[in-house]
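The structure appears below as structure tokens.
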Amino acid sequence: MLTDCLPLRALLLTVVGWVSREQQRTIEYLIEENRVLKEQLGGRRLRLTNDQRRRLAEKGKQLGRRLLGRVATIVTPDTIMRWHRQLVGAKWTFAGRPGRRKGVMRDIRTLVVRFARENPSWGYSRIQGAIGDLGHQVGRTTVSRILKREGIKPAPERPSSWSAFIKATWGECAAADFFTTEVWTSRGLTTFHTLFVIDIATRRVHIAGTTKTPNEAFMAQVGRNLTDAVDGFLIRHTKLIVDRDTKFTRGFQALLASGGVETIFTPPRSPNCNAYAERFVRSIKEECLVRMIFFGEEALRRALREFEAHYNGERPHQGIGNRAVERPAEPRSTSLRLVTGHERLGGLLRHYRASA
């Protein structure tokens with residue numbers, strides 16, 4: 001009986017040996033093929049998806065580190081084993097609702113920073129309470145940590161927002177500034193300084209004066225005109241925003257104060273804090289002054305009067321709904337043929353109206 005089994009055992013050993021040799025040759029071929037493919041990448045890093053990492057990690061764990069060292073060519077055995085440990089860790093880590101807390105904390109950080117910047121007087125507890133009113137609990141220490149990371153100081157040391165000041169005093173604030181124009185006179189090119197005031201709420205502009213010498217006497221007369229009890233431009237204003245130009249003298253400030261107007265100086269080197277005035281300077285220069293050559297002071301004064309009338313009564317302003325400051329909305333014309341054009345300064349300034 002034993003003798004009868006020997007040929008069968010020999011046959012099985014032969015078959016097993018042949019299969020092992022075929023498997024070895026297959027493995028060696030696949031290893032070499034992987035090396036060739038890796039060489040084709042030219043040293044670039046191979047980027048695998050999470051699913052590809054998982055599949056390699058599962059197969060690599062079955063082989064063990066020693067055999068992996070012989071067959072792994074795409075990544076190192078240590079990398080495959082690390083992927084396996086991550087798979088095991090992910091299996092036993094309670095995911096709950098993935099990313100929910102992370103997303104909530106990101107939103108809370110955004111709200112903390114927003115509340116602090118929009119409300120300079122709010123302390124840590126006040127911000128904590130505001131977030132609590134929205135249905136989220138956050139610790140006072142967390143609020144403090146978030147603000148410190150963003151470089152925002154505590155409430156007593158936090159500067160007030162300039163935009164918040166403008167909004168709080170909307171309707172009471174006006175702004176003033178100077179711009180210069182070169183005029184040809186009998187003495188050659190002469191620089192004229194023009195002072196204007198703009199109502200921030202309505203965008204109405206008033207040319208307060210033009211002079212070659214903006215001295216104390218000029219500023220005193222301008223101050224009296226602006227605060228005149230009958231028709232002064234600042235009669236309904238309590239604050240005038242100006243930059244730190246020395247032409248805004250102490251005497252000028254005292255005249256405004258006697259008329260109930262406080263002079264507010266912008267921070268140094270901060271033109272954006274007087275943005276409405278700066279925007280008017282750009283408008284009058286681009287639309288009028290740089291497109292004209294002035295011979296004599298009267299030519300400049302005429303151009304300033306015409307532009308002031310155009311700016312207040314004819315020119316639409318995007319900041320107030322794309323309409324003119326002092327002109328009511330025109331009734332819709334039933335025909336485009338009934339629209340007429342009107343000119344100022346020889347056609348340099350134009351506006352259109354519907355004819356009756």
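The values are calculated or read from the model by the stated rules, or taken from the named source; none is laboratory data. Not measured: the values here are computed from a predicted model. Counting neighbours? That spans all protein chains shown, and the Cβs are built from the backbone with ideal geometry, glycine included.
Computed quantities for the displayed model
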read-out	value
Residue match in the range 213-232 (condition: over 30 Å from residue 346 (Cα atoms), among the basic types (Lys, Arg) and surrounded by fewer than 17 Cβ atoms within 10 Å (Cβ to Cβ))	yes
Search result, residues across the range 188-205 that are surrounded by fewer than 19 Cβ atoms within 10 Å (Cβ to Cβ), under 24 Å from residue 316 (Cα atoms) and touching a Phe, Trp or Tyr at 6+ places or on another chain (Cβ under 6 Å)	201
Per-region count, the range 262-290, residues closer than 21 Å to residue 192 by Cα, charged (D, E, K, R) and surrounded by 12 or more Cβ atoms within 10 Å (Cβ to Cβ)	4
Residue within the range 298-308 that is in contact with a strand residue (DSSP E or B) (Cβ under 8 Å, 6 or more places away or on another chain), outside any helix (DSSP H, G or I) and more than 23 Å from residue 327 (Cα to Cα) present	no
Test result for residue 314, more than 37 Å from the chain's Cα centre (by Cα) and at pLDDT 80 or above	no
Which numbered condition residue 323 fails, given (1) at pLDDT 90 or above; (2) in the same structural domain as residue 175 (by TED's automatic domain parsing); (3) surrounded by 12 or more Cβ atoms within 10 Å (Cβ to Cβ); (4) more than 17 Å from residue 173 (Cα to Cα)	(1)
